[in-house]
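Worksheet for the structure shown next.
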Amino acid sequence: MTSRTRPDDAHPYLRAASAGVRHHTRALARPDTATAVDRGHLDVLHAHLTALHQLVNQLAETTRPPHPAAGRHLSTAHTRLWQATTEIHMAFHLLPSTTAAEGAQASECHPERLPEGPPVLTICQRHLAAGHVIRRKTTPADLRAPTTACVR
C-alpha cells in the first residue's frame, strides 16, 4: 500500500521554515518593533542560510544526472547562497559586541584559532564547515562570476 501525500502536505518542515521567516519579516516591519540587527540575529540568519545552502547542494546533486540544465541552475543557486552566507558572516563581525567577554577583537574572524565562545564560535565554525564544501565544488572564478540568465 503506497501513501500519497497531498501537495499541501509535501515538505512540511520547509513550509514551516518559510512561514517562520515570513512571520519574522512582518514582525520586523512593524514600526513599534523596529530595532537594529544584533549579532544573535545574524547568527540565527546565518544558520538558516547555511542549512538552505546544504539543502540546495543536495538537490543539485540529485537533480543533475537526470536533468543537467536544472542541476546547473541549482548549482548556481548553491553558489549564490554561499555568497549571501559570506556577507552575513562579514556583517556579523562588523557589528559591535554586546558582551565584554567577546573583547575588543570580536570584530575579527581568526580561522587559525577558535573564537572565545558563542555566538562567535558558532557562526565561525559553521561558516568554515560550509566553506570546505563550497571550495570542493566551485572555483574562485565561479564565486566571482555574475548570475546567469534563465534559459528555458
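Ligands, DNA and RNA excluded, the heavy atoms of Ile123 present near 0 Å² of accessible surface to a 1.4 Å solvent probe. Once both labels are positioned 7 Å from their Cα atoms along Cα-to-Cβ, the gap between Met90 and Ala17 label points is 2.4 nm. Placing a pseudo-label 7 Å from each Cα along the Cα-to-Cβ vector at Leu55 and Asp38 gives an inter-label distance of 2.7 nm.
The values are calculated or read from the model by the stated rules, or taken from the named source; none is laboratory data. If you're wondering where the values come from, they're calculated on a predicted model, not measured in any experiment. Please note: Cβ atoms are built from the backbone with ideal geometry, for glycine as well, and neighbour counts cover all protein chains shown. In case anyone asks, the SASA skips ligands and DNA or RNA and just uses the protein heavy atoms, side chains included. Shrake-Rupley method; radii C 1.70, N 1.55, O 1.52, S 1.80 Å.
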